[in-house]
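See structure below.
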């Protein structure tokens, strides 16, 4: 039987693992500054006049004269308090820069995620139910194509068909206010959802198919359980791998927003990252990379907690 | 149920054409990078330019054919390199176990904690070392999944009776790894490698779409797409031709890889 | 009394061709009928066809009668849908997979009940019927043992009170002692409920012990039917006789099991004539061209040349008692202990055994007894924590002991030819690769097999090659770890005969590890009985099995289906 203690132990263990992972990532992200060719101070100074005073000031601001480990710890201390330094390009604090853009990326990702959830998951379940049929084969082939289809190419083609040829969707801008924003984000979200949705479709179909193959389904049928009962039994079992794959997909979504935002000229963190990399705006790059890692790690944590709650076998293993 | 395998038959034709472009592109379209700034972007169907030209007056069709090489060559090397790493490290990891296994697993976990596109963009972008450095970065980023796959394949093999019988016969560890384990995981490795080519093709083109990897002026599909973005109303073919080429290349390789994987998985029973 | 279940003219067709043809059967509501056959004979497909749950791509024609209700199987799976559970139900083989892992047992039993009857008392009474405590309702399947899970599955399949239950190998996945308990339970419920039970099994002993009538299938056809006594004392179909004689007797050792060559063909490979003709010693031209009809009233047989009273060889002749002299020890294990993890129970506890040079020793135990771990320690596949294993010789490991495992399909490297596999093993023992044909000849396979890959071989042939590989380095000890358990009984007899022939010829020692007392009796002169990692009983085979003194040995013996010891030892009587 499940005790409060085992839940606590499990959660704490996973939380610690997540923190450890983020620390490791943060260290790697910190070394990005060293990785970039050239003098870090000069890189941080960017296009500004590199007078000795300016360089000294930058060295002071980013603790570049300190030993490496101390540099990292001081940087990490700032990061924990939300201080990633100043953007080289705009001279603004990185945190403020991100705050302006994070909403759009979140909206885009959320819209794409909801689209995926509403289309790909039910389609995956339906295809598995009629596995081998013409519809299943068609959708599955489509999904294999979709998984590999690059979002920037698909996005531009959609933009051409719906934006230029049919002129039903806006080509530029991100819109103002709720509905208009959704209107402007619909093509980008569809673009993003095609790749991600194809992946979710494949994973859902595989998960449901694996369950349908199990003896307990045949046994349930032989006992005369109704289709509805069997379906709910199968879905309850398939839910675990499906939710896990949805968590996995989040990583995909965040990688994908970069390309989609650039394709559709949206001012989110993805396009900010792309611009910052070209500009070598290292503080911004560090902030976005770490933020993405945090989002993904927290998603993984949520998935783990979910499977703990939903799977008695995981619970019993955790208690053992 | 003996149907003619439709998938490989349908995939073979576009794949062969793309392969031909990649090998003989410079010969088929020798003047691909020739500019004609005075001409500018003319729409598809213009005289002498079936798919029109881009802003610099370069022929879209020629440029797309010439761009095949950089789109395909890098990804093939990425898939080969990462599978080589995966095979060596995965086999060692799965068969030896112990601290090597732990170290490699943690390394894979760490790299898988972030989206490949993002790390590739950041690392390749900051280093800014051009095409082959980008290829190298992607090899490193692709290897964790291959290490994992080979590790799990090797580990399922290692408990099979025929491997245990080989151990009881006193065969050396190397002989068992290379003569008994590897031949049985090779089919899966090959299918995965094909899928990785498609994935790497998309990733490489994505980086050049973002302005990385390929130098300016070099023919490349990703770069054509980012240049063509502003030409949508003047000559949409500037986007459609390379866009469709990337999609077809990725899709056919994916379909073929998926088909092979399904076939081999059923045979070897991995996972 | 009218038949609760009747099946008329069943024909099942799959993608490759016919799977089952001309199949009739009937079960009355007060009896148990057994459908017996080796793997691939179509017995499970028959069960699936009756209940209307054939896999995709497989179709059936014929008629099912449940009491007065008539179902035409050609109407497809939906024709049975209203009847499943309420009129007829199916109990599957593997209790580890037949229940949903994330649903509690109580709710799985209740699922088939009408919503108004899903109360707690109802579930408790259902659990009580299968001898399970009420708390099981709140447990998940993974928290229960295999036997308990199969009881839960039984309660679930009976939830809607069907008149007919089909048990498809319902106890095959269980240990012998658990198997007996579940079979007893099935029998009790069948008679209490007045339910028709169709028991599908590969085990002739189970069928004889539990069923009033037995139907014998071979390659998709019904060969013979009759009472257990009919079939055992006076089999009329040569295949039935083979099946009976291939099964090693528990009561005594025989000089040689009566085996027929070859293996069971796939039903669709039989193009004309009797499907057994290719392996039948009595077959003539007619048998090979014309299919014999099933004839007779209560006892039926499909054979052109059925066995008469004079043709039947006596069941089996006891072999001359072997002299037991303990030879020079080849290997001695002293106080060997092994534990896999702190939380798990120990795998081996102070195990001390001796194997003499050229001696055939058996180790008998159920799953979890540590018998396999012991074998793995002997060939260095596993390290032991304490104790010693002393070999009399200082030969390299490969020359001391070789092992043959249970599963023939994964015994050989699929990427290598048989010849490559064998020559590698020969070189491992310092022998010439040119000995491959000799090795193949020794195990009764033609030399041309050297060029083939394992995939093209039958299970029995693959196991022969595995034995040849083990013998290639000329080891002093051959270990067989359940090496015949996965084989069909007619193939098992061939392999057992091969083993005893090889022992005589090569003078090597044998360690035969098995759960099957009847099999071990044919092979081993001395026995160790293991349980929970310990040796609980040992001695020479004849005296241990003839006069078991240890209670665990007694219960193992009593659990063997069809054993005389079952009644002799005062186990639960068969009929209430």
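The values are calculated or read from the model by the stated rules, or taken from the named source; none is laboratory data. Predicted model, so just to flag it, every value in this text is computed and none were measured. Note that each Cβ is placed from the backbone with ideal geometry, even for glycine, and that neighbours are counted across all protein chains shown.
Values for this structure:
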| read-out | value |
| --- | --- |
| Qualifying residue in the stretch A:266-281 (condition: within 11 Å of another protein chain (Cβ to nearest Cβ), in a helix (DSSP H, G or I), buried (at least 23 other Cβ atoms within 10 Å of the Cβ) and over 18 Å from the mean Cα position of the chain (by Cα)) | yes |
| Residue in the stretch B:153-169 that is more than 26 Å from residue C:417 (Cα to Cα) and either within 14 Å of chain C (Cβ to nearest Cβ) or at pLDDT 85 or above (or both) present | no |
| Unmet requirement for residue A:47, which otherwise passes all of (1) within 14 Å of chain B (Cβ to nearest Cβ); (2) not in a helix (DSSP H, G or I) | (1) |
| Residue in the stretch A:254-261 that is assigned to a helix (DSSP H, G or I), without any contact (Cβ under 8 Å) to a residue 60 or more places away in the chain and either buried (at least 20 other Cβ atoms within 10 Å of the Cβ) or over 18 Å from the mean Cα position of the chain (by Cα) (or both) present | yes |
| Check on residue A:114, within 21 Å of the chain's Cα centre (by Cα) and free of Cβ contacts under 8 Å to residues at least 60 places away in the same chain | yes |
| Filter result (surrounded by fewer than 23 Cβ atoms within 10 Å (Cβ to Cβ), on the phi < 0 side of the Ramachandran plot and assigned to a loop (DSSP other than H, G, I, E, B)) within the stretch C:142-167 | C:144, C:145, C:158, C:160, C:163 |
| Tally, over the stretch C:38-66, of residues that are on the phi > 0 side of the Ramachandran plot, part of a loop (DSSP other than H, G, I, E, B) and touching a strand residue (DSSP E or B) at 6+ places or on another chain (Cβ under 6 Å) | 1 |
| Failed criterion for residue B:107 (all others in (1) over 18 Å from the mean Cα position of the chain (by Cα); (2) more than 8 Å from every other protein chain (Cβ to nearest Cβ); (3) within 14 Å of residue B:203 (Cβ to Cβ) hold) | (3) |
| Residues (facing chain C (nearest Cβ under 8 Å) and surrounded by fewer than 22 Cβ atoms within 10 Å (Cβ to Cβ)) located in the stretch B:180-197 | B:183 |
| In the stretch C:16-37, residue modelled with the highest pLDDT [restricted to those that are in a strand (DSSP E or B) and more than 24 Å from residue C:295 (Cβ to Cβ)] | C:32 |
| Residue match in the stretch C:194-202 (condition: surrounded by fewer than 24 Cβ atoms within 10 Å (Cβ to Cβ), in contact (Cβ under 8 Å) with a residue 24 or more places away in the chain, in the same structural domain as residue C:21 (by TED's automatic domain parsing) and over 20 Å from the mean Cα position of the chain (by Cα)) | yes |
| Filter result for residue C:450 (within 14 Å of another protein chain (Cβ to nearest Cβ), surrounded by fewer than 20 Cβ atoms within 10 Å (Cβ to Cβ) and in contact (Cβ under 8 Å) with a residue 12 or more places away in the chain) | no |
| Failed item in (1) within 10 Å of chain A (Cβ to nearest Cβ); (2) surrounded by fewer than 21 Cβ atoms within 10 Å (Cβ to Cβ); (3) outside any loop (DSSP other than H, G, I, E, B), with residue C:89 passing the rest | (2) |
| Qualifying residue in the stretch C:236-250 (condition: more than 30 Å from residue C:525 (Cβ to Cβ) and not in a helix (DSSP H, G or I)) | yes |
| Residue A:242 vs. criteria within 13 Å of the chain's Cα centre (by Cα), modelled with pLDDT of 90 or more and either crowded, with 24+ Cβ neighbours inside 10 Å or within 14 Å of chain C (Cβ to nearest Cβ) (or both) | no |
| From the options C:124, C:137, C:173, residue that is surrounded by fewer than 22 Cβ atoms within 10 Å (Cβ to Cβ) and in contact (Cβ under 8 Å) with a residue 40 or more places away in the chain | C:173 |
| Residue check for residue A:205: within 14 Å of chain C (Cβ to nearest Cβ) and either within 20 Å of residue B:202 (Cα to Cα) or at pLDDT 90 or above (or both) | no |
| Residue check for residue C:221: more than 30 Å from residue C:127 (Cβ to Cβ) and surrounded by fewer than 22 Cβ atoms within 10 Å (Cβ to Cβ) | no |
| Flag for residue C:392 being buried (at least 24 other Cβ atoms within 10 Å of the Cβ) and farther than 20 Å from residue B:158 by Cα | no |
| Sole exception among (1) more than 10 Å from chain B (Cβ to nearest Cβ); (2) modelled with pLDDT of 85 or more; (3) in a helix (DSSP H, G or I) for residue A:293, by number | (1) |
| Subset of the stretch C:14-31 [touching a helix residue (DSSP H, G or I) at 6+ places or on another chain (Cβ under 9 Å) and either surrounded by 23 or more Cβ atoms within 10 Å (Cβ to Cβ) or more than 26 Å from residue C:229 (Cβ to Cβ) (or both)] | C:14, C:16, C:17, C:18, C:19, C:20, C:21, C:23 |
| Unique match (being at pLDDT 90 or above, more than 14 Å from every other protein chain (Cβ to nearest Cβ) and surrounded by fewer than 19 Cβ atoms within 10 Å (Cβ to Cβ)) among C:419, C:438 | C:438 |
| Within the stretch B:111-128, tally of residues that are within 23 Å of residue A:247 (Cβ to Cβ) and at the interface with chain A (Cβ under 7 Å from one of its Cβ atoms) | 8 |
| Count of residues meeting criterion [in contact (Cβ under 8 Å) with a residue 60 or more places away in the chain, within 23 Å of residue A:255 (Cβ to Cβ) and in a loop (DSSP other than H, G, I, E, B)] in the stretch B:206-233 | 5 |
| Failed condition for residue A:284, given (1) more than 10 Å from chain B (Cβ to nearest Cβ); (2) under 27 Å from residue A:186 (Cα atoms); (3) at pLDDT 90 or above | (2) |
| Only one of A:190, A:217 that is out of contact with any strand residue (DSSP E or B) (no Cβ under 7 Å at 6 or more places or on another chain) and either within 28 Å of residue A:304 (Cβ to Cβ) or within 11 Å of another protein chain (Cβ to nearest Cβ) (or both) | A:217 |
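To keep it simple, each residue is scored yes or no on (1) closer than 27 Å to residue C:231 by Cβ; (2) modelled with pLDDT under 90.
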residue	(1), (2)
C:249	yes, yes
C:256	yes, yes
C:259	yes, yes
C:271	no, yes
C:298	yes, yes
C:312	yes, yes
C:317	yes, yes
C:342	no, yes
C:349	no, no
